[in-house]
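Derivation of every value follows stated rules applied to the coordinates shown; laboratory data play no part. Not measured: the values here are computed from a predicted model. Reconstructed Cβ throughout: ideal geometry from the backbone, glycine too, with neighbour counts over all protein chains shown.
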Amino acid sequence: RLLIGFNRRHHITPFLASLHWFRVRFRIEFKILLITFKALLGLAPSYITEMLTPYESVRSLRSSGGTLVAVPKSRLKSKGDSAFAIRALLLWNDLPEEIMLADSVSSFKSLLKTHFYRLAFMCHP
């Protein structure tokens, strides 16, 4: 606010949107999802890749495209669900399928940034 001359009563969101800057939460989720995508492609370290197992439904569903990952149960709701092994999989399963099916890291980044931009700024005028 100091750099752009905004009063502290003014909302910073329109300025962030004009620069395509995301809030910290979206930046963290972007990094987590990028690591997850690379792990699914085999471009991440093996200790991360081993955390991911494809979700296999008991029934045959139309929506079963093989893009979902199985999320293990955590014992602690507050701390356990924020661990990378759980959080990454929950975020991945919440993504739209067209982002999950990206064919390269660069296209995944582009689609994910567009998705986050819509989430972060389209609800604000």
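Values as computed for the structure displayed
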{"item": "Pair residue 101, residue 25: separation of 7 Å Cα→Cβ label points (nm)", "result": "2.9"}
{"item": "Fully extended contour minus Cα-Cα distance, from residue 52 to residue 121, at 0.36 nm per residue", "result": "21.7 nm"}
{"item": "Net charge over other residues, Cβ less than 12 angstrom from the Cβ of residue 94 (K, R count +1; D, E count -1)", "result": "-1"}
